[in-house]
């Protein structure tokens with residue numbers, strides 16, 4: 001709603017502004033500046049988005065929360081929304097308010113990645129703690145990659161942050177344990193600590209994996225199902 005009536009019937013009140021997605025100028029203060037863009041690409045309409053004044057100010061003051069990929073997603077979603085509204089009316093248009101393709105694709109990528117991380121579903125006695133630590137590091141790296149492609153307002157962003165927090169807690173709780181030399185020994189207090197900490201990580205990841213699978217209708221392998229909550 002960026003165009004309003006004016007008291008003067010020959011005028012209108014415009015409350016929107018044309019903004020750059022990737023910054024137009026180089027330098028530390030440039031918002032979302034992409035050095036790989038040409039001058040023509042920065043000026044092109046594909047690098048522009050129409051926003052209200054408030055949103056334009058907000059996205060430029062918090063560019064980490066509103067990366068270029070998110071703004072392009074907004075633009076594409078809105079254009080699709082208006083196009084469908086004009087052609088098919090409100091009923092069909094409401095379908096576009098469901099989760100975006102970007103978020104669904106990233107959720108699928110994340111679950112595919114978890115499929116290959118045996119640390120989150122393998123039998124505890126088969127684990128080599130040193131290798132497990134490396135695997136959790138890889139999980140944290142993948143979560144960071146996904147997070148960079150999302151805005152803070154997305155559901156997936158919040159879940160990724162919570163999974164990152166679980167990984168940080170895993171490392172913190174095991175910081176004083178010699179994982180390089182630790183091996184399966186149910187009588188060893190360090191082994192018990194490792195298993196307990198890993199169990200907690202698996203539980204948290206399992207909850208989020210189950211919620212993403214249900215939300216975006218993603219089929220899980222039997223391995224991943226083994227760490228997800230059992231529903232009635």
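Since every read-out is calculated from the coordinates, none of them should be taken as a lab result. Every value quoted in this text rests on a predicted model; they were computed, and no experiment measured them. Glycine also receives a Cβ, built like all others from the backbone with ideal geometry; neighbour counts cover every protein chain displayed.
Numbers for the structure displayed
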{"read-out": "Test: residue in the range 71-80 that is in a helix (DSSP H, G or I), touching a helix residue (DSSP H, G or I) at 6+ places or on another chain (Cβ under 6 Å) and surrounded by 12 or more Cβ atoms within 10 Å (Cβ to Cβ)", "value": "yes"}
{"read-out": "Residues of the range 200-232 satisfying the condition of being over 18 Å from residue 116 (Cα atoms) and loosely packed, with under 15 Cβ neighbours inside 10 Å", "value": "200, 214, 217, 229, 230, 231, 232"}
{"read-out": "Number of the exception - residue 174 against (1) within 22 Å of the chain's Cα centre (by Cα); (2) crowded, with 18+ Cβ neighbours inside 10 Å", "value": "(1)"}
{"read-out": "Cβ pairs under 6 Å, 6+ apart, first in the range 166-189 and part of a loop (DSSP other than H, G, I, E, B), second exposed (fewer than 15 other Cβ atoms within 10 Å of the Cβ)", "value": "179/130; 180/130; 184/125"}
{"read-out": "Candidate set: the range 116-152, residues that are over 25 Å from residue 191 (Cα atoms) and touching a residue at least 60 places away in the same chain (Cβ under 8 Å); chosen: the one surrounded by the most Cβ atoms within 10 Å (Cβ to Cβ)", "value": "150"}
{"read-out": "Selection count, the range 9-64, where residues are in a loop (DSSP other than H, G, I, E, B) and either within 18 Å of residue 79 (Cα to Cα) or touching a strand residue (DSSP E or B) at 6+ places or on another chain (Cβ under 7 Å) (or both)", "value": "3"}
{"read-out": "Qualifying residue in the range 15-36 (condition: under 18 Å from residue 148 (Cα atoms), surrounded by fewer than 16 Cβ atoms within 10 Å (Cβ to Cβ) and under 22 Å from the mean Cα position of the chain (by Cα))", "value": "yes"}
